[in-house]
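Worksheet: the structure to be examined is printed underneath.
Please treat every number below as a calculation from the coordinates, not as lab data. Because the structure is a prediction, the values reported are computed rather than measured. Glycine also receives a Cβ, built like all others from the backbone with ideal geometry; neighbour counts cover every protein chain displayed.
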Amino acid sequence: MTRIILDKQAVTAPTRNTSNIMLLVLAALVPGIAVYSYVISPIVVINALVAMFSAVVFELLAVKLRGARGWPAVQDGSITVAAVLLALAVPPGLPFWQLLVGVFIMVMLGKQVYGGLGNNPFNPAMVGYAALMISFPQNMTLWFAPGELHSAGFVSLIEAKLGMGQTDIGSNKVWDGVTAATPLEQVRVWRLQSLDDNGNSTALSLAFSASGWLWINLAFLLGGLFLLYKKVIQWHIPVAVVTSFTLLTLLLGQSQIPLYQLVFSGALILGAFFIATDPVTAAASNRGRLIFGSGVGALTFTIREFGGYPEGIAFAILLMNLCVPLIDYLDRRPD
């Protein structure tokens, strides 16, 4: 299975195995996780740890049920990386039991049902995210205003996520704001109400700057550049994702919000560098990766601009995962 991943990703260092690649990916996520935890709450780290531990347990269970050796199947670290990505994608206040549901679906339906590492056609983390979004739409769109999680207190937040304490976190019980989806949600609401957002763009820009989400995305961008430098990923997919999204926004976008805020709002950067570049579920050739990444960016723009969700990167990646066999089939010429 390791050979399959390395062949598809065309990593230039032949001695680098899957475990080393996953460790580098986890290291690249550290800056983003650190800034995310500082801006929002250390509960982000707890979510990641809970997701990682439960993912390993579920993977061991699944492998045992298939009659294979359990521990070697989790040593590659792929399920750990997927668990962290899922934990970063969900709202920090999501109850632990719902996070565990997402991890279970990620492991069982996103990966193991297809035979494990190297065989899954869809990105496992995004399978879990999509299932949570459809199953628990209210909690999956429940984001806190800046400072709400800090004012709630760490212990109170843990109790609330366990269902043991007050479910209304924060003194003001304000649910707009901190993270990716909420500026995008406000733009979507204005558009659905046929309102001109020109007069509101200044206020939204100020709110975006105060939220800290720009710094979170820049930290994830730094991690993505680190992966490019270490040749863990190649430039084709992330550049194609951001470029196609940017061009369509400039040509067809109806919002007057500054372009950089639309790029650095939501999970576009995280998705472009850490999720869409999954070597198992992305296209095999460089030309195919450009097509794949362009499709992810275009679909993300379409869902944001015209769809029912403020963010579309997860569904865009899953839809393009579905197209990978066709892309690879039509692009059989050597690079």
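So which trypsin sites (Lys or Arg not before Pro) in region 249-335 are both in a DSSP loop and have at most 10 other Cβ atoms within 10 Å of their Cβ?
Hits after loop and neighbour filter: Arg332.
Over the Cα atoms of region 26-81, how large are the radius of gyration and the largest Cα-Cα distance (Dmax), in Å?
14.0, 44
Please list, by residue number, everything in region 75-98 whose backbone N is under 19 Å from a paramagnetic label point 7 Å out along Cα→Cβ of Leu162.
Residues 92-98 qualify, since their backbone N sits under 19 Å from the label point.
Could you give the distance between the Cα centres of region 300-333 and region 101-118, to the whole Å?
The two parts, judged by their Cα centres, are 20 Å apart.
Provide the per-residue ³J(HN,Hα) series for region 107-114, in order, calculated from phi with Karplus coefficients 6.51, -1.76, 1.60 and θ = phi - 60°, each as a whole number of Hz, with x at glycine and proline positions.
6, 6, 8, x, 9, 6, 5, 8
If each of Arg332 and Asn119 carries a label point 7 Å out from its Cα toward its Cβ, how far apart are those two points in nm?
2.5
Provide the packing ranking of 77-89, 123-135, 48-60, i.e. peptides ordered by the mean count of other C-beta atoms within 10 Å per residue, highest first.
77-89, 123-135, 48-60
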